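Asks: Attaching a single structure in structure tokens format; questions to follow.
The values are calculated or read from the model by the stated rules, or taken from the named source; none is laboratory data. Just so it is clear, the model here is predicted, and its values are computed rather than measured. Glycine also receives a Cβ, built like all others from the backbone with ideal geometry; neighbour counts cover every protein chain displayed.
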Amino acid sequence: MIIVISLERQKLYVIDGDKIIKEYPVSTSKYGKGNEKDSEKTPTGIHRIYKKIGEGMSPDTYFIGRVPYTKEEAERKFGELKDKITARIIWLEGCEEGINKGKNKEGKIVDTKERYIYIHGTPEDISSPSSRGCIRMRNEDIIELFDMVRENDLVLIF
């Protein structure tokens, strides 16, 4: 299984062999594409699924620092949430040294895993680029995707 994400089309495709078996709408960064830490841009290149988080959790689970909360608990503890991470998390790790892993030639961090870039659920609108780097999906879609893919599956973002 391979996941391909088109930033231009705001689509995520699940590919098995030579066939697209599923297509989902997504919302990527409102700041565009880029790999540098603190850019809040969606990283590009070849990645892999580093870790899946939230299996079996309720679709309305909120994650803060990858820890599950109810919406009420999260708001009580953290106040108003700016980038809501819900339902499931698929944490990405870059595979290309100097591009989306480690540091680039200028010594700046470009590490997707260290930037905590996820494919994750959200209760927010996904009709346009609006995230701070992550790939957002509707909760029902991320749950379906989560159940289809495995850790170490490849993810291509372009």
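Asks: One residue is enough: does the stretch 77-85 have a residue meeting the conditions assigned to a helix (DSSP H, G or I) and without any contact (Cβ under 8 Å) to a residue 24 or more places away in the chain?
Replies: So in the stretch 77-85, the residues assigned to a helix (DSSP H, G or I) come out as 77-78.
Filter again for without any contact (Cβ under 8 Å) to a residue 24 or more places away in the chain, leaving 77-78.
The answer is yes, given that some residue of the stretch 77-85 is assigned to a helix (DSSP H, G or I) and without any contact (Cβ under 8 Å) to a residue 24 or more places away in the chain.
Asks: Within the stretch 21-28, is even one residue loosely packed, with under 14 Cβ neighbours inside 10 Å and out of contact with any strand residue (DSSP E or B) (no Cβ under 7 Å at 6 or more places or on another chain)?
Replies: no
Asks: Any residue in the stretch 110-119 that is closer than 21 Å to Pro59 by Cβ, touching a residue at least 60 places away in the same chain (Cβ under 8 Å) and of a type in the set (Phe, Trp, Tyr)? It would help to see each step written out before you state the result.
Replies: Our first condition is that a residue be closer than 21 Å to Pro59 by Cβ; within the stretch 110-119, this holds for 118-119.
Those still in the list that are touching a residue at least 60 places away in the same chain (Cβ under 8 Å) too: 119.
Still in the running and of a type in the set (Phe, Trp, Tyr): none.
For the stretch 110-119, residues closer than 21 Å to Pro59 by Cβ, touching a residue at least 60 places away in the same chain (Cβ under 8 Å) and of a type in the set (Phe, Trp, Tyr): absent.
Asks: Quick check on this structure: which one of Ser58, Ser39 is among the polar types (S, T, N, Q), in contact (Cβ under 8 Å) with a residue 40 or more places away in the chain and assigned to a loop (DSSP other than H, G, I, E, B)?
Replies: Ser39
Asks: Considering only residues of the stretch 92-125 that are within 22 Å of Arg138 (Cβ to Cβ), of a type outside the set (D, E, K, R) and surrounded by fewer than 20 Cβ atoms within 10 Å (Cβ to Cβ), which is modelled with the highest pLDDT? Walk me through how you get there before you give the answer.
Replies: Step one: of the stretch 92-125, the residues within 22 Å of Arg138 (Cβ to Cβ) are 92, 116-125.
Of the ones still in play, those that are also of a type outside the set (D, E, K, R) are 92, 116-123.
Then drop every residue that is not surrounded by fewer than 20 Cβ atoms within 10 Å (Cβ to Cβ), which leaves 116, 123.
Values: Tyr116: 97, Pro123: 94.
Per the criteria, the residue is Tyr116.
Asks: Here is a follow-up. Here are the criteria: (1) surrounded by 15 or more Cβ atoms within 10 Å (Cβ to Cβ); (2) under 23 Å from Val4 (Cβ atoms). Tell me which single one Ala74 does not satisfy.
Replies: Against the list (1) surrounded by 15 or more Cβ atoms within 10 Å (Cβ to Cβ); (2) under 23 Å from Val4 (Cβ atoms), Ala74 comes up short only on (2).
Residues checked against (1) at negative phi; (2) part of a loop (DSSP other than H, G, I, E, B); (3) in contact with a strand residue (DSSP E or B) (Cβ under 7 Å, 6 or more places away or on another chain); (4) of a type in the set (S, T, N, Q):
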residue: Trp91; (1), (2), (3), (4): yes, no, yes, no
residue: Asp111; (1), (2), (3), (4): yes, yes, yes, no
residue: Glu114; (1), (2), (3), (4): yes, yes, no, no
residue: Ile119; (1), (2), (3), (4): yes, no, yes, no
